[in-house]
Amino acid sequence: MTGDELSNVLASGTETALRRSEYLFEQGDPAINLFLVLEGWAQVTRDERDGSQTLIATFHKGDSLAEAAAFLGKAYPVSAQAMTDLRVLSINGAMLMDIMQKNREVLAQSLASVYHKLHDLVNDVEWLKARTIRERLAKFLLDQIDTPGQEAEVRLPFSKSLIAAKIGTSPQQLSRTFIELQTFGVQIKGDVAMIDDRQALRELILKT
C-alpha cells in the first residue's frame, strides 16, 4: 500500500470513544467496519446457546479487530466490548477491500495478517490448555511489563474478574493464585502488581 493510499484509508476513518462496558459492536450486527485500537482495552466474546459468554480474545493499543468480518461484509460473529475507556478508529471494510483488490500485494499482506492472527489465537488456546493457572497468571503479568530491569510495577489493565476470564479461571481461584505468586516475588496492592523478580516468573513458565 502506498503512502497516499494509507493516508486516505486513515483519513477516511472515524474516531470513536467508548466508556468501560460499552459495546463497539454486538454479535449479529452488520459487519461494516474494522477497527484499530488507539487507546484502552477491548474484549471479544461470543454468546453461546446456553446463555453463557465465551471470551475469545482481548485487544489493546495498536491492535486491529474484525477485519475478516468487515471484508466479507456479512455479520459480526462475535461482540466487542470496552474493558476500559476505549478509543478506536473505525475503517470501512468495503473501501479497504476495494483498495486491496486493486493491489495484489496489499491483498496478500492483509490475508497473511488475518491468517497469522488466527494462528496466534489457536496457539494461545493450546498454550492455556497445557498450563496451570499459576503459569497462565505469571505470563499475563510478564506481558504487561514494558520497562527494563528485574523489578517492575504493573497496573492491572482491567478488573480481576476479566483477568480471570482471560486466563480461563474463576475470580476466586485468581485471588488464591495471586497469593501463591507471593513466593515468586509478586505483591498485589489494589490494581497494581509489584514484581520483585521478573526472572523468577520467567523460570516458572519455562519449567514445563
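The values are calculated or read from the model by the stated rules, or taken from the named source; none is laboratory data. Note that the structure is a prediction, hence the values are computed from the model and not measured. Counting neighbours? That spans all protein chains shown, and the Cβs are built from the backbone with ideal geometry, glycine included. Surface areas here come from the heavy atoms of the whole protein model, side chains and all, with no ligands, DNA or RNA. Shrake-Rupley method; radii C 1.70, N 1.55, O 1.52, S 1.80 Å.
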- Calculated log₁₀ intensity ratio I(q)/I(0) where the Debye formula runs over C-alpha points of segment 20-61, q = 0.21, 0.23, 0.25 Å⁻¹: -0.81, -0.94, -1.07
- Note on the structure: PRE zone check, label point 7 Å out along Cα-to-Cβ of residue 14, amide N under 14 Å, scope segment 62-92, hits 88-92
- Message: Counting only other residues whose beta carbon sits under 10 Å from that of residue 185, what net charge do I get with K and R as +1, D and E as -1?
- Response: -2
- Taking 0.36 nm per residue of separation and subtracting the Cα-Cα distance, what length does fully extending residue 132 through residue 196 add? 20.9 nm
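May I ask you to order 190-200, 88-98 by the average number of other C-beta atoms within 10 Å around their residues, highest value first?
88-98, 190-200
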- In nanometres, the difference between 0.36 nm per residue of separation and the alpha-carbon distance of residue 53 and residue 87 is 9.9 nm
- Query: residue 39 label point, 7 Å along Cα→Cβ, cut-off 16 Å on backbone N: hits in segment 48-70?
  - Reply: 60-63
- Within the set of other residues whose C-beta is less than 11 Å from the C-beta of residue 168, count the net charge using Lys and Arg as +1 and Asp and Glu as -1. +3
- Note on the structure: The summed charge of the residue 143 Cβ neighbourhood (under 12 Å; Lys/Arg +1, Asp/Glu -1) stands at +3
- Label model pair residue 95, residue 27: point-to-point distance (7 angstrom along the Cα→beta-carbon line) in nm is 3.0 nm
- Can you work out the FRET efficiency for the pair residue 159 and residue 74, with r the C-beta to C-beta distance and R0 = 30 Å, to the nearest 0.05? 0.40
- Averaged per residue, what accessible surface does segment 27-72 expose to a 1.4 Å probe, in Å²? 53 Å²
